[in-house]
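One structure is given below, encoded as structure tokens.
Values in this text are rule-based calculations from the coordinates and carry no lab data. These numbers come from a predicted model, not from an experiment. Every residue, glycine among them, receives a Cβ derived from its backbone with ideal geometry; neighbour counts consider all protein chains shown.
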Amino acid sequence: MTTRSTARLRALVIEHEPATPGGLVLEWLRSRSILVDVLRIYEESREVDPNAYDLIVSLGSEFAAFDETVPWLDRERQMLAQAAREDVPVLGVCFGGQLLASALGGKAFRAKTSEIGWFPVRSTQPELVGEGPWFQWHFDTFTPPPGATVIAESDAGPQAYVIGRNLGVQFHPEVTDEIMDRWVATYRHELDAEGVDPDALLHETRRNTAATRSASIRLMDGFFDHVAGLARSERP
């Protein structure tokens, strides 16, 4: 891999609908002086070459990573598979982690148990993925791809895995108070269907804000430095 300067690294962040922006992930990337290109794949048809970037982040989505009726799903899955083949690191978040697993030979499917709220995970690498609580909002799960190492899990399924220079997580390290406000307003029907009190959810989010930020930054730093191995990269 060519040596690169951290100040000039480029990241592609894939958004799947207006209500799921990058939040803390974007904040973290910009704090590292990384140039960010946001691909709103739900409304942009432009072709993307993964080799034009030093890392890719695939965010969450209201869609299922196995729903082949989603018009852009296969395009992104192929993009993530190409990135892995060509050694471009990927951080997959919730839907993004499921789709990454699917792209690399795993399988995404409907879970027996949904999770909405703040939940702990069991971690074998707490220096990278802390035990939480992490914010969860998902109805689906996945089997890790062949060759992946699951490093966190819960009763609902795998919560984090590493494969090569890629990291997939089931939870939402990007979440902020503003994102939660938006999700509660946009997806209130899902909360009602699951019997989740939106006011209690928002209260718990605000109570967890400081700890969540620290854990999220530690996770993303760990991905950047140790999983992706970009800490010493320099652009010629």
| When the gyration tensor of the range 165-223 is built from Cα positions, what are the square roots of 5 times its three eigenvalues, in whole Å, from largest to smallest? | 25, 14, 9
| task | Set the Förster radius R0 to 22 Å, insert the Cβ-Cβ distance between residue 51 and residue 31 as r into 1/(1 + (r/R0)^6), and round the FRET efficiency to 0.05. | result | 0.35
| query | Using 0.36 nm per residue, how much length does the chain from residue 207 to residue 181 gain when fully extended, once their Cα-Cα distance is taken away? | reply | 8.0 nm
| said: Based on alpha-carbon centroids, what's the gap between the range 77-102 and the range 177-220 in Å, whole number please? | reply: 25
| request: Evaluate the Kirkwood expression for the hydrodynamic radius of the chain, namely the inverse of the mean inverse distance over all pairs of different C-alpha atoms, and round to one decimal in Å. | output: 17.7
| query | Stretched out fully, how many nm does the piece from residue 38 to residue 112 gain, at 0.36 nm a residue minus the Cα gap? | reply | 23.3 nm
| How large is ³J(HN,Hα), in whole Hz, for each residue of the range 103-109 in order, when computed from phi with the Karplus curve 6.51 cos²θ - 1.76 cosθ + 1.60 and θ = phi - 60°, using x for Gly and Pro? | 5, 9, x, x, 9, 9, 6
| Additional length obtainable on full extension of the chain from residue 197 to residue 78, 0.36 nm per residue less Cα span | 39.0 nm
| task | State the antiparallel share, in %, of DSSP beta bridges confined to the chain, rounding to the nearest 5. | result | 55
| query | So what is the diffusion coefficient of the range 108-236 in µm² per second by Stokes-Einstein at 10 °C and 1.306 mPa s, using a Kirkwood Rh over Cα pairs? | reply | 101
| Cβ-based charge dipole, the range 6-227, positive-most Cα from 31, 93, 208 | 31
| field | Dipole magnitude of the chain, debye to nearest 20 (Cβ charges: Lys/Arg +1, Asp/Glu -1, about Cα centre) | value | 840
